[in-house]
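J.: Below is a structure I'd like to ask you about.
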Amino acid sequence: MIAIALPCLCEFVWVLKRFYGFSSGDVAGAIGALLASANIRVNRPAVDAGLLVLEAGGDFADGVIAFEGRWLGGNTFVSFDREAVAILSAQRFEARLLTLGP
C-alpha cells in the first residue's frame with residue numbers, strides 16, 4: 001500500500017503545472033491514473049474537491065484547503081486570491097476575500 005498525503009499531491013500538481021507545463025486536464029488525468037491504482041490510498045473526498053477547483057480553472061490546493069477547513073468545522077474559506085474565492089463561491093462554498101488595510 002502507498003499512502004499519498006494531501007501536501008504531496010498539492011506539490012505533485014504544482015510541479016506538473018509549473019515545471020513540466022501540464023494543462024489542468026493533463027494533471028487531472030495524472031491524478032486519475034494514480035487513483036486507479038489498487039494500492040494507492042488518499043483522502044479521496046479532499047482530492048475530489050481539489051480536482052473540482054482545478055477543473056474550474058483554479059488551484060488544486062485551494063480546493064483541498066477549502067475541503068479540509070470545512071471538515072475541521074470551519075464555515076468560511078478566506079483568501080487573498082480573488083480567483084479562488086470566486087471559484088469556491090460558485091461551488092457553493094462560503095468564501096470571502098481577505099483584504100488589508102481600512
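J.: Give just the number: which of (1) more than 23 Å from ARG96 (Cβ to Cβ); (2) in contact (Cβ under 8 Å) with a residue 40 or more places away in the chain; (3) aromatic (Phe, Trp, Tyr) does PHE22 not satisfy?
T.: (2)
J.: Inside the range 12-42, can you point out the residues that are assigned to a helix (DSSP H, G or I), closer than 16 Å to ASP59 by Cα and in contact with a helix residue (DSSP H, G or I) (Cβ under 9 Å, 6 or more places away or on another chain)?
T.: Answer for the range 12-42, where residues must be assigned to a helix (DSSP H, G or I), closer than 16 Å to ASP59 by Cα and in contact with a helix residue (DSSP H, G or I) (Cβ under 9 Å, 6 or more places away or on another chain): PHE12, VAL13, TRP14, LEU16, LYS17, SER24, GLY25, ASP26, VAL27, ALA28, ALA30, ILE31.
J.: Could we say that ARG18 is more than 22 Å from MET1 (Cα to Cα) and surrounded by 13 or more Cβ atoms within 10 Å (Cβ to Cβ) here?
T.: So ARG18 does not fit the description; no.
J.: List every residue pair whose Cβ atoms lie under 8 Å apart, where the two residues are 6 or more positions apart in sequence or sit on different chains, the first residue falls within the range 47-63 and is closer than 9 Å to LEU88 by Cα, and the second residue, located anywhere, is charged (D, E, K, R) and surrounded by 19 or more Cβ atoms within 10 Å (Cβ to Cβ).
T.: VAL53/ASP59; VAL53/ASP62
J.: How many residues does the range 1-11 contain that are under 15 Å from the mean Cα position of the chain (by Cα) and either over 19 Å from GLY58 (Cβ atoms) or surrounded by 12 or more Cβ atoms within 10 Å (Cβ to Cβ) (or both)?
T.: The qualifying residues number 7.
Values in this text are rule-based calculations from the coordinates and carry no lab data. Model, not experiment: these values are computed from the prediction. Neighbour counts run over all protein chains shown; Cβ positions are idealised from the backbone, glycine included.
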